[in-house]
Amino acid sequence: MTAAEFAGTTILNARRRAAELSALADDPRVDVLVIGGGVTGVGVALDAASRGLRTVLVESRDLAFGTSRWSSKLVHGGLRYLASGRVGVARESAVERGVLMTRTAPHLIRPLPQLVPLLPTLGRGQAALVRSGFLAGDALRLSAGTPSSLLPPARRVNAAAARNLTPAVRLAGLRGALVAHDGQLVDDARLVTAIARTAAQHGAGILTRVRADQVSGDSARLTDALTGESFTVTARSVINATGVWAGDIDTSIKLRPSRGTHLVIDAAVLGGPRAALMAPVPGSVSRYVFALPQQLGRVVVGLTDEDAPGPVPDVPVPTDGEISFLLSTINTVLERSLTRSDVLGAFAGLRPLIDTGDGATADLSRRHAVRESGSGVITIVGGKLTTYRAMAEDAVDTAVRARDLSAAPCRTRDIPLVGAPRHPESRALPGALVTVPAALVARHGGQAAEVLASSRCGTPLRQIAEGIDVTRAEVEYTLTHEGALDAADVLDRRTRIGLVPADAERARPGVEEIVAGQRR
């Protein structure tokens, strides 16, 4: 197929990649070149393309390869930032959470109760602070226009209700709990993929495994990592959205990465919780360790906020001290303490914080910044997953002004992502498919029917491995529609099977069989 034959579709796959690379080599002039395929980069690509700008995004590895897949998978309203006096950041978070949950990606986000148990270790003064914070969070929700039918107001529940929501909570001295609601993503990497596919539908080229070198404000040398072929692209604007690697492209950018570590636990060990259990961090009035229920029958316990100096690794590694800290903190609110043997996996992400020269990383601003280098490269850094859309809007606005681009106003507040109820490709499951696994629908929303209808593999609803609720059809779909190119893309980013190494090894033979079938 030629690039023109993919126009207007959300399909990302190896054939589209090859066609669009060929078309770009033939006509290497674009309005906006975006470097980086994390949530901010794909957000910039969607924003720019939907304004009518010829846009190409290049990513040297895979979509969501970096920080965007290592989050707590929360779309949060900024309560922590309000507690530390960062009202503007908190307000922006609440507004963007509302946009995601009501307009652009409601299929990927569900309301999540967050529970602070009222135990003897939580003094009445601290409990009053928690309650005040939760009420302030309600005020943020109201000011952002998010209805209480979607995110219920904060409340106090009795001990029995607390135990029902979080069965593993400590019983001795439990006098109830304070409960507030926030948004939870089914998967952060899946959000990135949905944004990228929607950007492609609006005309953006989404090119993974393409490295950008010799980057300036109006050009870059692109190299296809699969073939080794290179060519130079000229751009009216170049936007650096490489996160913790931003300084590699613009050496004037000084970042101070902060490492956030999570542990992966079998949900059954904690009784299959329906709410996030929050344990206050000793000595802090605003920090907590969470035990967050996740897809695939897991709970993640996180997170830390530690300085991460030195070279930026491709895959950050949790430290022994962080693992001990997370276990000891969450154990303060558990009936049975977790041990190292309960940890099925662990992961860490690096936050791209702007270096202000002093203070702990927990005290550094989470506000994003858009900066232009001497060469003209526009860099977007900082911020959070929740506010990716606002960050992208700010970056594209800057490019439009700085380069005098002819572009329509930003539209992304009202563009539903692929799979969302209002997206043109979303459709209800036919009656014959009413037995589709709920997990498949949770991950694909209005695309669930397409996942099955497009499948050509045998036994499409069979699990990819026993006990892992990812179907063979979903694995095939990652390759035919979601831009996955190999088994690692499937295991580690399109699905999150790879968060538990033992699960990845069990699923790998089935995944590799389907990958090989697509290459034939």
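Tell me, which strands (runs of 3 or more DSSP E) lie completely within segment 19-138 with 3 or more residues that are at pLDDT 95 or above and in the same structural domain as Pro282 (by TED's automatic domain parsing)?
109-117
Please specify each residue of segment 223-236 satisfying the condition of being in a strand (DSSP E or B) and either within 29 Å of the chain's Cα centre (by Cα) or not aromatic (Phe, Trp, Tyr) (or both). Those that are in a strand (DSSP E or B) and either within 29 Å of the chain's Cα centre (by Cα) or not aromatic (Phe, Trp, Tyr) (or both): Thr223, Asp224, Ser230, Thr232, Val233, Thr234, Ala235, Arg236. The set of residues from segment 451-508 being in contact with a Ser or Thr (Cβ under 9 Å, 6 or more places away or on another chain) and of a type in the set (Gly, Ala, Ser) comprises Ser454, Ser455, Ala473, Gly483, Ala484, Ala507. Among the candidates Ala49, Ala25, the residue that is surrounded by 24 or more Cβ atoms within 10 Å (Cβ to Cβ) and under 28 Å from Gly376 (Cα atoms) is uniquely Ala49. Restricted to segment 489-515, and to residues there that are in contact (Cβ under 8 Å) with a residue 60 or more places away in the chain and hydrophobic (A, V, I, L, M, F, W, C), the residue that is surrounded by the fewest Cβ atoms within 10 Å (Cβ to Cβ) is Ala502. Please enumerate the residues belonging to segment 281-315 that are touching a strand residue (DSSP E or B) at 6+ places or on another chain (Cβ under 8 Å) and among the acidic types (Asp, Glu). If the condition is that a residue be touching a strand residue (DSSP E or B) at 6+ places or on another chain (Cβ under 8 Å) and among the acidic types (Asp, Glu), then Asp305, Glu306, Asp307 are the ones that fit. Filtered by the rule that a residue be modelled with pLDDT under 95, among the aliphatic types (A, V, I, L, M) and more than 24 Å from Asp188 (Cβ to Cβ), segment 359-406 gives a lone residue, Ala360. Kindly check whether there is at least one residue in segment 436-453 that is surrounded by 13 or more Cβ atoms within 10 Å (Cβ to Cβ), under 15 Å from Arg494 (Cα atoms) and touching a strand residue (DSSP E or B) at 6+ places or on another chain (Cβ under 7 Å). Yes.
If the condition is being of a type in the set (Val, Ile, Thr) and part of a strand (DSSP E or B), then segment 173-222 contributes Val179, Ile206, Thr208, Val210. None of Arg456, Arg427, Arg422 is over 20 Å from the mean Cα position of the chain (by Cα), part of a loop (DSSP other than H, G, I, E, B), among the charged types (D, E, K, R) and closer than 28 Å to Val32 by Cβ except Arg422.
Taken together, the residues in segment 406-419 that are assigned to a loop (DSSP other than H, G, I, E, B) and buried (at least 17 other Cβ atoms within 10 Å of the Cβ) amount to 7.
Within segment 465-478, if we keep just the residues that are assigned to a helix (DSSP H, G or I) and not charged (D, E, K, R), the residue that is farthest from the chain's Cα centre (by Cα) turns out to be Ala473. Look at segment 306-339 and say how many of its residues are buried (at least 19 other Cβ atoms within 10 Å of the Cβ) and either of a type in the set (D, E, K, R) or without any contact (Cβ under 8 Å) to a residue 12 or more places away in the chain (or both). Number of matching residues: 2. Could you check, for segment 175-184, whether at least one of its residues is surrounded by fewer than 21 Cβ atoms within 10 Å (Cβ to Cβ), outside the structural domain of Leu440 (by TED's automatic domain parsing) and farther than 20 Å from Ser60 by Cα? Yes, segment 175-184 has at least one match.
So which residues in segment 479-513 are within 21 Å of Leu452 (Cα to Cα) and within 17 Å of the chain's Cα centre (by Cα), if there are any at all? Selection gives Glu482, Gly483, Ala484, Asp489, Val490, Leu491, Arg493, Arg494, Thr495, Arg496, Ile497.
Inspect all residues belonging to segment 239-256 and state whether any of them is in the same structural domain as Ala180 (by TED's automatic domain parsing) and under 19 Å from the mean Cα position of the chain (by Cα). No; the residues of segment 239-256 include none that is in the same structural domain as Ala180 (by TED's automatic domain parsing) and under 19 Å from the mean Cα position of the chain (by Cα). All of (1) hydrophobic (A, V, I, L, M, F, W, C); (2) more than 24 Å from Asp305 (Cα to Cα); (3) touching a helix residue (DSSP H, G or I) at 6+ places or on another chain (Cβ under 7 Å) hold for Leu226 with one exception: (3).
Here Ser93 qualifies as more than 22 Å from Gly419 (Cα to Cα), hydroxyl-bearing (Ser, Thr, Tyr) and within 25 Å of the chain's Cα centre (by Cα). Among the residues of segment 155-167, the one identified as in a loop (DSSP other than H, G, I, E, B) and buried (at least 21 other Cβ atoms within 10 Å of the Cβ) is Thr166.
When Ser60 is tested against (1) surrounded by 22 or more Cβ atoms within 10 Å (Cβ to Cβ); (2) closer than 30 Å to Ser230 by Cβ, just one condition goes unmet, and that condition is (1). Scan segment 237-282 for residues that are outside any helix (DSSP H, G or I), modelled with pLDDT of 95 or more and surrounded by fewer than 20 Cβ atoms within 10 Å (Cβ to Cβ) and the total you get is 4.
The values are calculated or read from the model by the stated rules, or taken from the named source; none is laboratory data. Since the model is a prediction, treat every value here as computed from it, not as a measurement. Note that we place each Cβ from the backbone using ideal geometry, even for glycine, and neighbour counts take in every protein chain shown.
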